[in-house]
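Some notes on the structure that comes next.
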Amino acid sequence: MINRAIGTTALTSVFILGAASAGAEPPPYVWETVAIGGGGYVTGLVIHPSDPDAIYIRTDVGGAYRFDPRPGDPGWRPLMDHFDRPMRNFRGIQSLAVDPTDPQVVYAAAGAYPKSTLVSWNLYEPTDVEHPTDVLKSVDGGQSWTATELNLDIAGNTGGRWTGERLAVDPNNADVVYFGSQSDGLWRSPAAAEPGSWQRVDSFPTAGADGAGIRFVLIDPDSGAPGDLSQTLYAGVVGEGVFRSTDAGTSWTRLAGSPTNASRAALAQDGSLYVTHADGVARLNGTTWTDISPAGGEFNAITVDPSNPDRVIAAQRVSGFNNSIYLSTDRGQQWREINQSNIVQQGDVPWWPEQWFGSSIASVTFDPHAPGRVWMTDWYGIWRTEDISADTPVWTTHQRGHEETVTFDLLSPPARAPLFSGLADVDGFRHAELDTYPDRRFSSFQDTTSLDYAGQDPDMIVRVGQRRWNNTGGGMISHDNGQTWAAFPNLPHSDSRGGRVAISADGDAIVWAPHNQAVYFSHDQGQSWQQAQGLPGAAVMNHEWKVNQPLAADRIDGDRFYIYKAGRLYRSDDRGANWSGRATLPNVDWTWQEQVEAAPGITGEVWVSLGYEGLWRSSDAGDSFAQLANVERSIAFSFGASAPGRDNPSVFVYGVIDDELGVFLSDDFGQEWHKVSIPEVGLADAAVIAGDMQTYGRVYVGDSGRGVWVGEPIPEPGTLGLLGLGGLLLLRRTARARFSHRTVTARAMTAQADRPDSEAVR
């Protein structure tokens, strides 16, 4: 068991480093997220009843956030960035609850995937996974978290994650906390979730359908006096119905006529209970259920105005765009649909398509502190309207600080735009500026899985991608540094999609390894394709979320390409047509961490990253390799711009060096390494890394749920760098504030498996 201080989150996503590891002292680094704007499922929102600034959201892969109302720049503050890789499963949040008597106390049911699933997918981590899920507690508004040791199956990134809330704090006695589990029944702590205090509620009659279980727990605040236990509780159980207790949980009764597959519930001031379910909306008044569904189909989000029990909002949940939202002003007897035809969309993210509004809606919430204000969360982020009753409600995206995209690939060419991103669900971007939301996205695919530039012509860029909803895909090519794109005229097969792509140094040849297909090459920019010869089968696993990078083009020699497969480096010297096996390497096929990259500016300099088998270097085009002795684990690596006075490119590694996990920089091809990552940015689910080829020391890290991080040395006096003068002043203030906070020690925060495949939700 590891007794670990899990850290304190600063007030912004900007941090400072003051210490180094191996090698000479490096310059201090600053880290922040590249401005993208949302892009991930926000599965719930909770507002504290007495503090208007205590607003929390939960996400399926990006952790929890708290709204920061700082004047002039309000936005979301991520609360779990300090979680490191062993704790990355905690970033899938299944449920949130606040202590109604203390806005600083918040609970999070944390776990993206169940423990059993993690073990079965455990391809590249030790199998001694001890506590990959838990209910976490914070007493300082989410700045730090303590494990409460309720290590049940929690799955914040699987089916039903849009339902809830499963966590509930008794509004009359905040020591009592309930959790409705997906497989193990109802649990209660009488001691504010102190470790060891959780007890199963044996009187609760069922665990419900396995893997779905109890989807909400709701407590009637008017059923008890302050200091006593609330007497009336509700719990919605999949496959069973809605259960009620009127004696503080001592006994339970299934309510006759209740919805069998409930999703969410809301309680009005007059005691009416509203429940959404697979077939609509139901209202319980006393002992009588009434079907008040405004339309057919599955409903999920539900909210009642806390100041007016007549006003109710319910939303359908369709796995698609523009879900219907309905408003009632008479407790559900009549409804008015609020959809795209009678709203005005405004927002802070210019590239969001209008059709995204209300995509697979997870939650709607009346704000108890602003009459008429309603929050809504969905597949891509957070929306808010100030007047839900208006004839044309104005919905505004509120994304600042919420960065939740999943990264497949990153590319930094040596000229013009410094960064290109290949992302899940939102395709990807050309990032001309790192601190400004892009004007537009690629919008060719659902996912861009791979990008590459021609080593001698960085204006020529290729990318491939996929549309998971219909198993199609394709490729694109740009001749103007990604400002415009043209589709490959033809595909190797009609079902060729995703995978990895490389373009020759001179731009005359493209090699594409689609998912679960043979490797193909084109010598006419995608007009025609032929199957490569000499390779042992598919190069990329048939897996939608595969992030390995086994294919690369030599950056100098236009004839040469490289592929790693099954413990061997293969090379083509004729533009991808024919391949021959070269040096033998450790076989780590299908471990999701094999990667090949050719060094810029040096012919035949090719490196291979092999996870726990380390990092390997060849200077003779793959005929022989030498392992870098001090790299114990290489999860991802990349070349970057040369250090001043050096001809060789710098190298970045995300992995383990000298028994330390982090991002490391080497200026001398791995003889010495400097740690440049920091505890405040744990990079918990980092999947890909790219050194900036234009700015020495800058590095990009693509995360599976927190977008893209950029780290760079703090500029010397007289220069401004990425943040500018104002940003540097903010950085210094943030650093001083951060070190004034205390750190809460967590219990039993132990290693767990790498992130398995995420459910395809879009």
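Between LEU434, LEU410, the distinction of being of a type in the set (A, V, I, L, M, F, W, C), touching a residue at least 40 places away in the same chain (Cβ under 8 Å) and part of a loop (DSSP other than H, G, I, E, B) belongs to LEU434 only.
In region 223-279, which residues are open to solvent by less than 60 Å² (accessible area, probe 1.4 Å) and on the phi > 0 side of the Ramachandran plot?
So in region 223-279, the residues open to solvent by less than 60 Å² (accessible area, probe 1.4 Å) come out as 223-225, 227, 230, 232-239, 241-245, 247-249, 251-252, 255, 258-259, 262-268, 271-278.
Within region 223-279, GLY227, GLY239, GLY241, ALA248, GLY249, GLY271 meet the criteria.
The single condition from (1) open to solvent by 30 Å² or more (accessible area, probe 1.4 Å); (2) in contact with a helix residue (DSSP H, G or I) (Cβ under 7 Å, 6 or more places away or on another chain); (3) farther than 27 Å from ARG88 by Cβ that ASN172 fails is (1). Scan region 678-701 and tell me whether some residue there is in contact with a Pro (Cβ under 6 Å, 6 or more places away or on another chain) and of a type in the set (Ser, Thr, Tyr). Within region 678-701 (the criterion being in contact with a Pro (Cβ under 6 Å, 6 or more places away or on another chain) and of a type in the set (Ser, Thr, Tyr)), the answer is no, since none of the residues qualifies.
Across region 280-294, which residue is least open to solvent (accessible area, probe 1.4 Å) among those that are assigned to a loop (DSSP other than H, G, I, E, B) and over 12 Å from LEU255 (Cα atoms)? Even if it seems obvious, please write down each step before you answer.
Pass one, region 280-294, residues assigned to a loop (DSSP other than H, G, I, E, B): 286-287, 292-294.
Still in the running and over 12 Å from LEU255 (Cα atoms): 292-294.
Numbers: ILE292: 11, SER293: 37, PRO294: 36 Å².
The qualifying residue least open to solvent (accessible area, probe 1.4 Å) is ILE292.
Just the residues that are touching a residue at least 40 places away in the same chain (Cβ under 8 Å) and part of a loop (DSSP other than H, G, I, E, B), please, taken from region 55-69. Once the filter is applied, which keeps residues that are touching a residue at least 40 places away in the same chain (Cβ under 8 Å) and part of a loop (DSSP other than H, G, I, E, B), region 55-69 yields ASP60, VAL61, GLY62, GLY63. When residues in region 413-431 are screened for being assigned to a loop (DSSP other than H, G, I, E, B), open to solvent by less than 10 Å² (accessible area, probe 1.4 Å) and within 24 Å of GLY320 (Cβ to Cβ), 2 of them pass. May I ask you to verify whether SER258 is part of a loop (DSSP other than H, G, I, E, B) and closer than 16 Å to LEU167 by Cα? In short, no.
Taken over region 644-669, the criterion of being open to solvent by less than 10 Å² (accessible area, probe 1.4 Å) and out of contact with any Pro (no Cβ under 8 Å at 6 or more places or on another chain) is satisfied by SER650, VAL651, PHE652, VAL653, TYR654, GLY655, ILE657, GLY662, VAL663, PHE664, SER666.
Determine whether THR396 is surrounded by fewer than 23 Cβ atoms within 10 Å (Cβ to Cβ), among the hydroxyl-bearing types (Ser, Thr, Tyr) and in a loop (DSSP other than H, G, I, E, B).
Working: surrounded by fewer than 23 Cβ atoms within 10 Å (Cβ to Cβ): yes; among the hydroxyl-bearing types (Ser, Thr, Tyr): yes; in a loop (DSSP other than H, G, I, E, B): no.
Here the answer is no, as THR396 does not meet what is asked.
What are the residues in region 678-691 that are in a loop (DSSP other than H, G, I, E, B) and within 16 Å of LEU410 (Cβ to Cβ), if any?
Start the filter on region 678-691 by keeping residues that are in a loop (DSSP other than H, G, I, E, B), which leaves 679-680, 682-685.
Of everything in region 678-691, those that are in a loop (DSSP other than H, G, I, E, B) and within 16 Å of LEU410 (Cβ to Cβ) turn out to be LEU683, ASP685.
Scan region 291-348 for residues that are closer than 19 Å to TRP379 by Cα and among the polar types (S, T, N, Q) and the total you get is 11.
Checking each residue of region 190-211 against the condition of being open to solvent by 40 Å² or more (accessible area, probe 1.4 Å), of a type in the set (D, E, K, R), without any contact (Cβ under 8 Å) to a residue 24 or more places away in the chain and farther than 15 Å from ALA155 by Cα gives at least one match.
The strands (runs of 3 or more DSSP E) found entirely in region 501-590 that carry 1 or more residues being within 29 Å of the chain's Cα centre (by Cα), at pLDDT 95 or above and surrounded by fewer than 24 Cβ atoms within 10 Å (Cβ to Cβ) are 551-553.
Within region 310-330, can one find any residue that is open to solvent by 50 Å² or more (accessible area, probe 1.4 Å), free of Cβ contacts under 8 Å to residues at least 24 places away in the same chain and not in a loop (DSSP other than H, G, I, E, B)? Within region 310-330, not a single residue is open to solvent by 50 Å² or more (accessible area, probe 1.4 Å), free of Cβ contacts under 8 Å to residues at least 24 places away in the same chain and not in a loop (DSSP other than H, G, I, E, B).
Got a sec? Which of GLU298, GLU337 is within 13 Å of ILE388 (Cβ to Cβ) and open to solvent by 50 Å² or more (accessible area, probe 1.4 Å)?
Numbers: GLU298 fails: within 13 Å of ILE388 (Cβ to Cβ).
Every option except GLU337 fails the conditions.
Number of residues in region 591-615 that are open to solvent by 40 Å² or more (accessible area, probe 1.4 Å), within 29 Å of ARG646 (Cα to Cα) and of a type outside the set (A, V, I, L, M, F, W, C) equals 3.
Suppose the filter is among the basic types (Lys, Arg), in a strand (DSSP E or B), closer than 17 Å to ALA686 by Cβ and touching a strand residue (DSSP E or B) at 6+ places or on another chain (Cβ under 7 Å); does ARG617 pass it? Reasoning before the result, please.
Details: among the basic types (Lys, Arg): yes; in a strand (DSSP E or B): yes; closer than 17 Å to ALA686 by Cβ: no; touching a strand residue (DSSP E or B) at 6+ places or on another chain (Cβ under 7 Å): yes.
No: the conditions fail for ARG617.
Across region 37-85, the number of residues qualifying as surrounded by fewer than 24 Cβ atoms within 10 Å (Cβ to Cβ) and among the hydroxyl-bearing types (Ser, Thr, Tyr) comes to 1.
The values are calculated or read from the model by the stated rules, or taken from the named source; none is laboratory data. Remember, predicted model here, so these are calculated numbers, not experimental data. Every residue, glycine among them, receives a Cβ derived from its backbone with ideal geometry; neighbour counts consider all protein chains shown. Just so you know, the surface numbers come from the protein's heavy atoms only, side chains and all, with ligands and any DNA or RNA stripped out. Shrake-Rupley method; radii C 1.70, N 1.55, O 1.52, S 1.80 Å.
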